[in-house]
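Only the coordinates and a few stated rules stand behind these numbers; no lab work does. Bear in mind that the values here come from a model prediction, so they are computed numbers and not experimental data. Every residue, glycine as well, gets a Cβ built from its backbone with ideal geometry; the counts of neighbours run over all protein chains shown.
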Amino acid sequence: MPRIFIIDVTNRDGVQTAKLGLSKLEKTMINIYLNEMGIFQSEFGFPTTRHETNYLQANLELAEMGVLQPINLGGWIRAIVEDVETTFKRIPNIKHLNLSISTSDQMINGKFQGKKSKNSIIKEMVEATKAARVHGAESIGVNAEDASRTDISYLIEFGLAAKEAGADRLRYCDTLGYDNPFTIHDNCQMLAEKVEIPIELHCHNDLGMAVANSIAGAMGVMDGGQDAYINTTINGIGERAGNADLIAVVLALCKSRNCAKKYPLGWSIKLKHASKIAKFAEYAFKVPIPINQPGVGSNAFAHASGIHADGVLKDPGNYELYSFEELGRGDPIRVETGREIITGQYSGISGFSHVMGKIDVSFSNKSREEANEILELVRYANVEAQKPLVEDELEFIAKYPQITKKLLTMTPLE
Ligand SMILES: [Zn+2]
């Protein structure tokens, strides 16, 4: 029976969004939270972008250490041999890759403007896929950018060539959010039946249908007999109007009518981590969660009107489809209303020890020298983040100073 897996692309599509970005430590925390939540794969960055090199290597080290296990860490590159070669030169132990190329007439005419043809696109993609195989990639996804505006017969030809070259999955990118649930279902069912390869759904929200399209597309893939991989981002952060929101997608898969029975998840996802991961992304991106966001918005379990309040008090099931406890909500949050000592890029050892003591990271059995080293790393992490670090980040730095040092090291124009 086909199954659904989640590939979260916050650390790729999310961070490439205009006006937004994350520090390398924040990206690392997101990988950790996704892993805790039981997400199948994190598209964790750009192997051919120089300032990502140390971050990607450090996260692969965390995977080797068992910290980032069992999540897969996948890189995103263009589907050209040059990008594959650069990737394995800089990040030799990367295991999972998605190779991307545009396939629609719009992009071939409007973007490539005669530099690429339908034939050359397939040829380049095939060569890149084979090269990634030769370099030992364990899994390869081939992305058809603008798939929804691509002639379906060409898309099938492209998919068959990708499969023949050794690709494990085909990514159907609704790059402009052009599909609707009915069109994406039919397109993806046909692709699954004709190409016979697992298919990823990469949906954008330009028409407000990213989540619905992801679910309908996955259903199409599974109706066509293949596993489906839905691309999500935390809080739906992504290019323009964003991507399919991680929490909304998981809720829809688990809670919408008859969905879970007919279209089951391949891995169990711990929804209890929903609130934590959404709050962290809100803080890290500095983009507030809308109050009506499914599951994690502040109004998601709020009731004011007489009939609703009365109904929910008698039985929450009257007006709530799922409980706040399931999403990890309901615990009291401690908010400092008096004096605050926080860490920053100019912190000293006294204030720093006070902050770390409060979160139970004691330096009493460590040397002063060691504490000073951790403080130095915290200062640098603050320089990059430009906002106070959260407790989990401080704990991470104290626990993995060498990894943190790597994350924070960038050498431009070398
Ligand atoms: Zn995208």
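Observations
- Just checking the listed ones, A167, A131, A244: in the Gaussian network model of the chain with Cα springs under 10 Å, the one fluctuating most is A131.
- One Cα centroid belongs to segment 332-365, the other to segment 265-306; the line between them spans 27 Å.
- Net charge contributed by nearby residues that have their C-beta within less than 14 Å of L20 (K/R +1, D/E -1): +2
- Three-way shape label, segment 1-159, alpha-carbon gyration tensor, a/c 1.5: prolate
- With an a/c value of 1.5 or above and a/b not larger than b/c for the gyration tensor axes a ≥ b ≥ c computed over the alpha-carbon atoms, the chain is described as oblate.
- Restriction of the chymotrypsin sites (Phe, Trp or Tyr not before Pro) in segment 232-326 to DSSP coil positions whose beta-carbon has at most 10 other beta-carbons within 10 angstrom yields no sites.
- Set of segment 78-96 residues, backbone N closer than 15 Å to the point 7 Å along the Cα-Cβ line of E127: 78-86
- Mean separation of Cα contacts under 8 Å, 6 or more apart, over the residue count of segment 263-408: relative contact order %: 17
- Taking a ≥ b ≥ c as the square roots of the eigenvalues of the alpha carbon gyration tensor, segment 265-322 is oblate, as a/c is not under 1.5 and a/b does not beat b/c.
- Zone of K261's modelled label, taken as backbone nitrogen in segment 187-224 under 18 Å from a point 7 Å along Cα→Cβ: 219, 223
- Going from the residue with the fewest nearby Cβ atoms within 10 Å to the one with the most, C173, C203, C259 rank C259, C173, C203.
- Burial ordering of T409, T53, T343, T337, fewest other beta-carbon atoms within 10 Å first: T337, T409, T53, T343
- With neighbour counts taken as other beta-carbon atoms within 10 Å, the residues F46, F182 rank, fewest first, as F182, F46.
- Extension gain, N119 back to T411 (0.36 nm per residue minus Cα-Cα distance, nm): 101.2 nm
- Members of K95/K123; K95/K406; K118/K255; K111/K406; K262/K286 lying beyond 31 Å, as alpha-carbon distances in this model show: K118/K255; K111/K406; K262/K286
- Whole-number Å³ per residue for the convex hull built on Cα positions in segment 80-210: 101
- Two-site FRET efficiency, S153 against L207, from Cβ-Cβ distance with R₀ of 22 Å, rounded to 0.05: 0.30
- FRET efficiency estimate (nearest 0.05) - Cβ-Cβ, Q16 to E373, R0 22 angstrom: 0.10
- Where GluC sites (Glu not before Pro) fall in DSSP loop in segment 190-258, at most 16 other Cβ within 10 Å: E196
- The gain in end-to-end length when the S305 to Q345 segment is fully stretched comes to 9.7 nm, 0.36 nm per residue minus the alpha carbon separation.
- Our helix-only sum for the chain, with -39,500 (n - 2.57) per DSSP H run of n ≥ 4 divided by its residues, gives a mean residue ellipticity at 222 nm of -13000 deg cm²/dmol.
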